[in-house]
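Notes follow the structure.
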Amino acid sequence: IMPRVLIVAETTGYQTRAFEEAARACGVELVYATNHCDGLDDPWRDGAVSVHFDEPEAAVAAVRALAAARPLDGVLAVGDRPAELAAWIAEGLGLPFHPPGAAGVARSKVLTRGRLLAGGLPVPWFFTMPREAGLDAVADRLRFPCVVKPLALSASRGVMRANDPREFEAAASRLRRLLDAPDIRVLDDPAHDEILVEGFVEGREFALEGLLDHGLLRVLAIFDKPDPLDGPTFEETIYVTPPPLAFDAQRLIAATIAHAAAAIGLTHGPIHAECRVNARGVFVLEVAARPIGGLCARALRFARGDRTGVPLEELLLRFAAGESMEGYGREAAASGVMMLPVPGLGRFRAVRGVDEARAVVGITDLVITARPGQLIEPLPEGHSYPGFVFARGESADAVVAALREAHAALRFELDRVIALDRWPDDPARDA
């Protein structure tokens, strides 16, 4: 009988389409639970169960009704909010996944900091403040440099560094305006009523992609982020694996992230973790209860025996359906992805140089996800990239060089928009 796996997602998109391709390859039936409007009859033509992320009991009941005719074998989630709901659904159906409480902690930056601190892991100093609080209310607790963050946004959205009181006031004001944006207000999330302030952690940043199997961590890949992430905003660009680290350093990162996952309470399923490494140790920034987002998973391919080229999505589906991961390992070649930096604030018109970029030795794919007329904007307000470039090579250095050469060939054309509410010294203001 074909295994049946539920995927909980915001809506179906290019990441869920990758799961559909993987499901056909490995013989798994997919079922979706998404937050599409329940007043419309299957608007995405995906047969998804309509759920609300803030109504877990109703979501469990809806999925249980679906599973009454034919049981589900596993649960996966795409995104942070879906991961928390997936945890509730899995618990309600008796399926292995992360506990709901742990998935909720993982989604909150401040709750994560508290769990890591209680678990004896190194963390920067931190505190929260009401979003409307001014500098005077927190001046006695501030040290510089510091970082101002929203509690529950992802992909570095809203994250800013401040080096002095003036920069702190500007960053806090800018974050308040962002939290008032319609796409955030509509979430009605109480986490957006507070702001997290914490010490800036210096060092090189890495990401770990892994699977927790009943509490035991299986490392799928460790990514290096070769571009400095020192602020004032923190736009991620290149992920490359394997990282230029000795085995002992990689083992320390994995052990620290396993410790962090246990401190948060995560137990079973995909995790995506971010950390910074310096002379004082490994500082875990987050451990998300879901796999790497967007198209970045295309940078990973796995092999088992004579089977090669297995995508991450297929691996995750097999794991969710109960298959052993014994024998699977990442393919030997170095690989990486560049999330194309946002060139400025404006409406996307076109991009030139795509053929030249694709012709660079080592480039395996280039995907432009921005659509003509789409508004794109840099961090901290922005939350999407205009595209992705992928490369493979004999070494991480060769992959990074190919990605940079391909990026240099691209020329984005944007139609200017008026930005009346930007931070006064924001370079995106006159894009």
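Provide the net charge surrounding Leu85, with neighbours chosen by a C-beta distance below 12 Å and charges set as Lys +1, Arg +1, Asp -1, Glu -1.
On the way: positive: Arg81, Arg107, Arg290; negative: Glu10, Asp54, Glu55, Glu57, Asp80, Glu84, Glu91.
Residues close to Leu85 contribute a combined charge of -4.
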Percent of C-alpha pairs per 5 Å bin, region 92-135, short to long: 5, 17, 21, 18, 15, 12, 6, 4, 1, 1
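How much of the accessible area of the chain, in percent, comes from carbon and sulfur atoms when a 1.4 Å probe is used?
C and S atoms contribute 52 percent here.
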For region 278-431, diffusion coefficient by Stokes-Einstein and Kirkwood Rh (Cα), 4 °C, 1.567 mPa s, µm²/s: 72 µm²/s
How large, in Å, is region 237-369 by the Kirkwood hydrodynamic radius built from its alpha-carbon pairs? 17.6 Å
What fraction of the Cα pairs in region 56-131, stated in percent, has a spacing above 13 angstrom? 70 percent
Taking 7 Å along the Cα-to-C-beta vector as the label spot, tell me the Glu202-Arg141 distance in nanometres, rounded to one decimal. 2.5 nm
For the residue pair Ser173 and Ser384, what label-to-label distance in nm results when each label sits 7 Å from Cα along the Cα-to-beta-carbon direction? 3.0 nm
Between Ala133 and Asp188, how high is the FRET efficiency from 1/(1 + (r/R0)^6) when r is the Cβ-Cβ distance and R₀ = 30 Å? Nearest 0.05. 0.90
Along Cα→Cβ, 7 Å out, is where each label goes; now give me the distance between the ones at Arg304 and Arg411 in nm to one decimal. 4.8 nm
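Report, in deg cm²/dmol and to the nearest 500, the calculated mean residue ellipticity at 222 nm for the chain, where each DSSP H run with n ≥ 4 adds -39500 (n - 2.57) and the sum is divided by the residue count.
The per-residue figure over the chain is -9000 deg cm²/dmol.
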A chain fully extended from Ala255 to Ser324 at 0.36 nm per residue, minus the present Cα-Cα distance, gains in nm 22.7 nm
Over the Cα atoms of the chain, what radius of gyration and what Dmax do you get, in Å? 21.3, 64
The rounded separation in angstrom of the Cα centers of region 97-165 and region 329-379 is 31 Å
Using Cα pairs under 8 angstrom and six or more residues apart, how large is the relative contact order of the chain, in percent? 15 percent
Dipole of region 154-204, Cα-centred, from +1 at each Lys and Arg C-beta and -1 at each Asp and Glu C-beta, to the nearest 20 debye? 240 debye
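The values are calculated or read from the model by the stated rules, or taken from the named source; none is laboratory data. Values in this document were obtained by computation on a predicted structure and should not be read as measured data. Glycine gets a Cβ as well: all are built from the backbone with ideal geometry, and neighbour counts include every protein chain shown. Note: accessible area is taken over every heavy atom of the protein model, side chains too, but ligands, DNA and RNA are not part of it. Shrake-Rupley method; radii C 1.70, N 1.55, O 1.52, S 1.80 Å.
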